[in-house]
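To keep things clear, I will list the structure first and then write my remarks on it.
The values are calculated or read from the model by the stated rules, or taken from the named source; none is laboratory data. Bear in mind that the values here come from a model prediction, so they are computed numbers and not experimental data. Cβ sites come from the backbone with ideal geometry, for glycine too, and all protein chains shown count toward neighbours. Accessible surface areas use protein heavy atoms only, side chains included; no ligands, DNA or RNA. Shrake-Rupley method; radii C 1.70, N 1.55, O 1.52, S 1.80 Å.
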Amino acid sequence: MILRSLECRFLTIALCDAAEPWQLGSQDAATPMMQGIIDLHHDIFFFLILILVFVSRMLVRALWHFNEQTNPIPQRIVHGTTIEIIRTIFPSVILLFIAIPSFALLYSMDGVLVDPAITIKAIGHQWYRTYEYSDYNSSDEQSLTFDSYTIPEDDPELGQSRLLEVDNRVVVPAKTHLRMIVTPADVPHSWAVPSSGVKCDAVPGRSNLTSISVQREGVYYGQCSEICGTNHAFTPIVVEAVTLKDYADWVSNQLILQTN
Amino acid sequence: MAAEAKAPSLAEEYSLPPQEAPVEKAVEDKPQEAESISVTNDETPQADETATAVEVNPETSEVQEVADKSEVEDTNPAAEETNETAEEEAEEKPEIKIETAPADFRFPTTNQTRHCFTRYVEYHRCVAAKGEDAPECDKFAKYYRSLCPGEWVERWNEQRENGTFPGPL
């Protein structure tokens with residue numbers, strides 16, 4: 001009784017949106033994209049376990065029966081048309097069951113031609129990130145831009161995660177279609193937020209696009225996922241999803257601060 | 001009666017209705033902007049009550065009484081406000097539109113480098129054709145500012161001034 005109630009409370013209160021020690025599964029999904037990835041993983045794992053059990057049984061059986069005392073004369077079977085046909089068609093069918101949902105998810109993740117509501121630019125540096133919100137500019141000089149540095153290992157506040165917090169978070173509205181443009185200023189980086197199911201490489205000279213539609217408000221953590229030098233492990237990403245009204249207030253306040 | 005009427009409204013406040021259709025999103029974005037424009041004091045909790053009351057209206061007719069009460073409550077602080085205070089607050093918070101460059105079918109891939117470059121070239125062609133400060137060109141300016149990193153734009157502006165810009169202006 002106590003354990004059940006505790007489990008229910010824990011599950012409803014705390015969603016896994018940051019990497020945890022010894023974590024084995026995925027973080028909880030915040031976008032339909034990540035939900036699709038998790039579902040695909042579960043589907044493939046089903047077939048994986050079936051194949052594992054079947055192949056393991058065949059292997060153990062072969063090893064067991066290959067015994068001089070029990071079976072002194074080994075079988076001299078050279079060819080069998082029926083078993084050949086079966087073991088060619090059956091794996092193909094399994095691969096088909098894996099490939100169809102996989103391709104469906106892959107092409108649905110590529111939401112490039114959907115008109116977004118907001119564009120955010122993530123510019124990778126060694127070893128921090130610059131974020132630009134340029135939808136609200138009226139000239140090239142004016143820009144809502146801020147740098148996002150990691151909070152050092154020896155300087156966290158109570159409750160903050162080690163090596164995952166930043167001083168300035170990316171603020172995005174929930175239930176809104178976003179366009180993330182990822183580009184670096186020096187070496188290759190990768191903008192990855194597991195809860196959002198996003199991992200977008202930042203290649204020098206290129207601006208790569210990815211789409212996000214966060215479905216629930218919260219704080220989501222990510223890290224640089226393309227080795228970028230000595231402090232690659234100290235370049236975290238924090239995304240905070242808020243309501244659209246709070247987002248508008250935040251932008252207004254940021255514009256005021258940038259102006260002054 | 002009043003207590004029973006308030007209970008479902010509180011529950012409904014926290015439960016957001018599922019909104020998946022894109023058309024509904026577009027429709028709902030506009031009233032939110034209208035709300036932000038009409039309500040000057042964002043920090044006042046009564047303003048939040050108004051917003052929640054408005055959201056509840058289309059669902060339950062019983063809650064209209066609560067909405068009417070909240071509207072009456074909002075009228076009083078509005079009357080109490082000074083015109084100078086309202087003007088100051090209007091100046092402090094610039095209005096923003098939640099819109100950005102649309103997706104372009106010419107660039108359906110993840111690589112948006114050419115998209116950014118093309119928008120920049122289109123803007124400067126428009127300026128060359130129609131002159132500075134043309135209203136038609138503002139659209140293209142917004143597009144390339146949304147898509148292009150700031151450093152790229154600075155570099156291209158410098159190249160244009162030097163005459164070494166490689167694009168077809």
query = Considering the zone a paramagnetic label at A:PHE103 would reach in this model (a point 7 Å from Cα along the Cα-to-Cβ line), which residues of the stretch A:26-59 have amide N under 19 Å from it?
reply = A:37, A:40-41, A:43-44
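Measure off, as a whole percent, the carbon and sulfur share of the 1.4 Å-probe accessible area of the stretch A:113-195, all protein chains present.
That fraction is 48 percent.
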note = Measuring from its Cα centre, the stretch A:32-110 shows a charge dipole (+1 at each Lys and Arg Cβ, -1 at each Asp and Glu Cβ) which, in debye to the nearest 20, is 380
ask   = Ignoring ligands, DNA and RNA, what accessible area per residue does the stretch A:118-259 give at 1.4 Å, in Å²?
value = 39
request  = Could you tell me what percent of the DSSP beta bridges with both partners in chain A are antiparallel, to the nearest 5?
outcome  = 70
query = Helix A:2-13 versus the longest principal axis of chain A: what angle, 0 to 90°, nearest 10, using Cα atoms?
reply = 50
task = Starting from the Cα-Cα distance between A:LEU59 and A:GLN126, subtract it from 0.36 nm times their residue separation and give me the gain in nm to one decimal.
result = 19.1 nm
note = iface B-A | buried accessible area, total | probe 1.4 Å | Å², round 100 | 3200
ask   = DSSP loop chymotrypsin sites (Phe, Trp or Tyr not before Pro) in the stretch B:94-169 with at most 14 other Cβ atoms within 10 Å of their Cβ, which ones?
value = B:PHE105
key: 15 Å reach of a label modelled at B:GLU136, 7 Å along Cα-to-Cβ, counting backbone N of the stretch B:106-126   = B:122-126
Coarse-grained scattering of the stretch A:81-225 at q = 0.17 Å⁻¹, given as base-10 log I(q)/I(0) from a Debye sum over alpha-carbon atoms = -1.04
query = How large is the charge dipole for the stretch A:118-259, taken about the Cα centre, if only the Cβ atoms of Lys, Arg (+1) and Asp, Glu (-1) carry charge, to the nearest 20 debye?
reply = 600
request  = Compare the Cα positions of A:GLN35, A:THR119, A:ILE100 along the charge dipole of chain A (+1 at Cβ of Lys, Arg; -1 at Cβ of Asp, Glu; about the Cα centre) and return the one farthest towards the positive end.
outcome  = A:ILE100
remark   = Note on the stretch B:138-167: residues buried by at least 20 Å² of accessible area once partner chains are added (vs chain on its own, 1.4 Å probe) come out as B:LYS142, B:ARG145, B:SER146, B:LEU147, B:PRO149, B:GLY150, B:GLU151, B:TRP152
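Roughly to the nearest percent, how much of the accessible area of the stretch A:32-110 is carbon and sulfur, given a 1.4 Å probe? Don't skip to the end; give the middle numbers.
Numbers: 5240 of 7160 Å².
Heavy-atom surface of the stretch A:32-110 belonging to carbon and sulfur, 1.4 Å probe: 73 percent.
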note = In degrees, nearest 10, the alpha-carbon axis of helix A:244-259 is tilted away from the dominant principal axis of the alpha carbons of chain A by 50
query = Along the positive direction of the dipole of the stretch B:110-162 (beta-carbon charges: Lys, Arg +1; Asp, Glu -1; about the Cα centre), which of B:ASN111, B:CYS137, B:ASN157 reaches farthest?
reply = B:ASN111
request  = Give A:LYS199/B:LYS97; A:LYS121/B:LYS139; B:LYS97/B:LYS139; A:LYS245/B:LYS142 a once-over and call out the pairs whose C-alpha atoms are over 24 Å from each other.
outcome  = A:LYS199/B:LYS97
task = For B:THR164 and B:ASN111, compute 0.36 nm times the residue count separating them, minus their Cα-Cα distance, and round to one decimal in nm.
result = 16.6 nm
